1. In the set Val195, Val237, Val146, which member is touching a Cys at 6+ places or on another chain (Cβ under 9 Å) and either in a helix (DSSP H, G or I) or of a type in the set (Val, Ile, Thr) (or both)?
2. Say whether the condition of being surrounded by 14 or more Cβ atoms within 10 Å (Cβ to Cβ), over 26 Å from Ala386 (Cβ atoms) and not aliphatic (A, V, I, L, M) is met by at least one residue in segment 347-355.
3. For segment 126-139, check the following and say yes or no: at least one residue is assigned by TED's automatic domain parsing to the domain that holds Tyr67, over 18 Å from Trp102 (Cβ atoms) and of a type outside the set (Ser, Thr, Tyr).
4. Step by step: first the residues of segment 209-247, then only those that are modelled with pLDDT under 90 and basic (Lys, Arg), then the one that is surrounded by the fewest Cβ atoms within 10 Å (Cβ to Cβ). Which residue is that?
5. Inspect all residues belonging to segment 92-110 and state whether any of them is at pLDDT 95 or above, assigned to a strand (DSSP E or B) and not charged (D, E, K, R).
6. Can you list residue pairs whose Cβ atoms sit under 8 Å apart, with the first residue in segment 130-145 being closer than 18 Å to Ala65 by Cα and acidic (Asp, Glu) and the second being at pLDDT 95 or above and assigned to a helix (DSSP H, G or I)? Count only pairs 6 or more apart in sequence or on different chains.
7. So for segment 387-406 (the condition being among the aliphatic types (A, V, I, L, M), surrounded by 16 or more Cβ atoms within 10 Å (Cβ to Cβ), under 18 Å from Pro266 (Cα atoms) and in contact (Cβ under 8 Å) with a residue 40 or more places away in the chain), does at least one residue qualify?
8. Among the residues of segment 149-165, what is the count of those that are outside any helix (DSSP H, G or I) and aliphatic (A, V, I, L, M)?
Amino acid sequence: MKRRTWFLVLVVLLGAAVALAWPRAEFIPSASPAAWAATPANIARGAYLARAGDCMACHTARGGADYAGGRAIDTPFGRVVAPNITPDAQTGIGAWSADDFWHALHNGIAPGGRLLYPAFPYPNYTRVTRADADALYAYLRSVAPVRQPNLPHALRFPYDRQATLAGWRLLYFRPGVQQEDAARSPDWNRGAYLVEGLGHCGACHSERSHMGATRKALSGGLIPVVGWYAPSLTSDVEAGVGQWDTRHIVQLLRTGVSPEGAVFGPMAEVVRRSLQHLDEADVGAMAVYLKSLPPDGRRPPPAAPPPQDTLKVGKTLYETHCADCHGADGRGAGLAYPPLAGNRALTMAEPVNAIRIVLNGGFPPATAGNPRPYGMPPYSPVLNDAEVAAVVTWVRNSWGNAAGTVTPAQVNRYRAVPLD
């Protein structure tokens, strides 16, 4: 604890020391005012890009007006509240220029020089081109303005200080538009742009340091506070898709289900709000890029065999509650009930996702390609912590699966975690 405290003090002092000498924000001018004019073409393009960036997910509170802000995002450093980005002049971004919007997206700086917190994923959005930023600006200027004052953040000291944020940026943030790789195909470059930049996949699917900076891009990480694990996209024992058929990747991203599995939790919201609305060519480009990621080669250490009494209880519970849908052999039933045998979502070293699906139920998103998804009911009212631990342990160690024992304490940790 002392080491972390001294580190924070150092960051604060460093931020204060460099605040006045902070380098000027990188600026790329717009091609012309026509790039962000309120034309049907610009607005349509911007609406598509807003879907690709999943802007509504954070900037729309449940039951609230589109893009009017108010959704709280809990972080290890306190609570950040997404702002109103409708074109209301007093409470939204109606008084912003296209250059102001560019600086926020690319540099993480609001009008007046206020530094934005990276809960707004500008470390990823900095890769967005000026042309796309202008189209986004045109679209957001076209949505209905909403008079809704922004709520204050509730961050702990020293994270609530701009000097601390300046120090963080000095250490962890460099602005820069995505550069194309001439040695790669157009599909690969488009996919890299969407995955690394506009889609900001690494914001969830990457490890984070104790200061909240992403590291080991796309290598998987526990989403802070939310209580879900975003699996590694580079590991073939987690969510790496290097060996998948490209069609199955596209199907999963656009519909939420595929022969390889289904999406749940926060990823279901991403598919529902964002990915299902993208052109098949763009999702195909993302698949090309994801397949190209070099496998990290990591393997979890062999887990000790679970206690036999735990497996016996888990087997009985599975036969009572699960086998009718997932089958006695764990093979599932087509796209309706995902297979459990060989399911990497079950055998990851981090069991939180399997625990939460048993506790809260598993519900793929309703999409155009899968409008009536089958769901799994929540078992938190039916099974106690020890029983959930036993059944998850059993499915993690049956039909060729081999993973660690889940404990009642692990289940209890997530029983009370809210879904949102």
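The values are calculated or read from the model by the stated rules, or taken from the named source; none is laboratory data. Every value quoted in this text rests on a predicted model; they were computed, and no experiment measured them. Please note: Cβ atoms are built from the backbone with ideal geometry, for glycine as well, and neighbour counts cover all protein chains shown.
1. Val195
2. no
3. So far as segment 126-139 goes, no, none of its residues is assigned by TED's automatic domain parsing to the domain that holds Tyr67, over 18 Å from Trp102 (Cβ atoms) and of a type outside the set (Ser, Thr, Tyr).
4. Top of the filtered list is Arg215.
5. Yes, because at least one residue in segment 92-110 is at pLDDT 95 or above, assigned to a strand (DSSP E or B) and not charged (D, E, K, R).
6. Correct list of pairs: empty, since none qualify.
7. The answer is no, given that none of the residues of segment 387-406 is among the aliphatic types (A, V, I, L, M), surrounded by 16 or more Cβ atoms within 10 Å (Cβ to Cβ), under 18 Å from Pro266 (Cα atoms) and in contact (Cβ under 8 Å) with a residue 40 or more places away in the chain.
8. Number of matching residues: 3.
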